[in-house]
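S.K.: Sharing a structure with you now.
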Amino acid sequence: MARNRIATKAADTDKGTVTFKWADGQTSEVNVDEWPEVVQRSAMFHGALQKLGDTYAGADDVESAREAFNATLDALKEGDWNRRGTGAGGPQTTQLMEAVSAVTGKDLDTVRERFQTLTDDEKKALRKDARIALALEKIKAARARERMKALADAAKNETGDLI
């Protein structure tokens, strides 16, 4: 089922506003510069937590999550809010790079370098390639097996009643 879009959101950092365009055609513009400093600061921290947390949402392992996190953090430190970073670009992109590496035989660093120049549409096209799709599924299955093994090992050490 398609998700019903209630509103679109946009920020204008020059004006200090966020705008919500509602599905019924009305618009709400909020000037965040009018908020008390403590609220602005709380909003800033919320945004930082959300931005950095989004970088590893859905990660299959700590390594790829941390790589995506650090890449985004580096981009933010360089003053670039919109760039996803020069590293993994998120767990799904990391897996895609691994799949491309596996299919092409190119080392991961070479693939990562090339990915920095790809558009989102080019990455989507790669995902649709049957060879890449198969490699992606193999990567996901291997990571799932690793997680299941870790859980099975942990379960062996569990004792006591559950209820």
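S.K.: When you look at Arg127, is it assigned to a helix (DSSP H, G or I) and over 24 Å from Glu63 (Cβ atoms), yes or no?
M.R.: When the stated conditions are applied, Arg127 does not pass them.
S.K.: Within the stretch 134-163, how many residues turn out to be surrounded by 13 or more Cβ atoms within 10 Å (Cβ to Cβ) and small (Gly, Ala, Ser)?
M.R.: 1
S.K.: Working only within the stretch 10-39, note down all residues that are farther than 20 Å from Trp81 by Cα, outside any helix (DSSP H, G or I) and touching a helix residue (DSSP H, G or I) at 6+ places or on another chain (Cβ under 9 Å).
M.R.: Trp35
Results for (1) modelled with pLDDT of 95 or more; (2) within 30 Å of Ala144 (Cβ to Cβ), shown as yes or no for each residue.
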position: Thr27; (1), (2): yes, no
position: Ser64; (1), (2): no, yes
position: Leu73; (1), (2): no, yes
position: Leu76; (1), (2): no, no
position: Trp81; (1), (2): no, no
position: Thr86; (1), (2): no, yes
position: Gly89; (1), (2): no, yes
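S.K.: Filter the stretch 10-53 down to the residues that are touching a residue at least 12 places away in the same chain (Cβ under 8 Å), among the charged types (D, E, K, R) and within 26 Å of Ala75 (Cα to Cα) and list them by number.
M.R.: If the condition is that a residue be touching a residue at least 12 places away in the same chain (Cβ under 8 Å), among the charged types (D, E, K, R) and within 26 Å of Ala75 (Cα to Cα), then Lys15, Asp33, Lys51 are the ones that fit.
S.K.: Right, next: Which of the residues that make up the stretch 130-163 are in a helix (DSSP H, G or I) and β-branched (Val, Ile, Thr)?
M.R.: Correct list: Ile132, Ile139.
S.K.: Which of the residues belonging to the stretch 23-50 are over 26 Å from Phe69 (Cβ atoms), exposed (fewer than 12 other Cβ atoms within 10 Å of the Cβ) and of a type outside the set (S, T, N, Q)?
M.R.: Ala23, Asp24, Gly25, Asp33, Glu34, Pro36, Glu37, Val38, Val39
S.K.: Take Gly47 and decide whether it is part of a loop (DSSP other than H, G, I, E, B) and either of a type outside the set (Ser, Thr, Tyr) or under 23 Å from the mean Cα position of the chain (by Cα) (or both).
M.R.: No, not satisfied.
The values are calculated or read from the model by the stated rules, or taken from the named source; none is laboratory data. Values in this document were obtained by computation on a predicted structure and should not be read as measured data. A quick note on method: Cβ atoms are made from the backbone with ideal geometry, for glycine too, and the neighbour counts reach across all protein chains shown.
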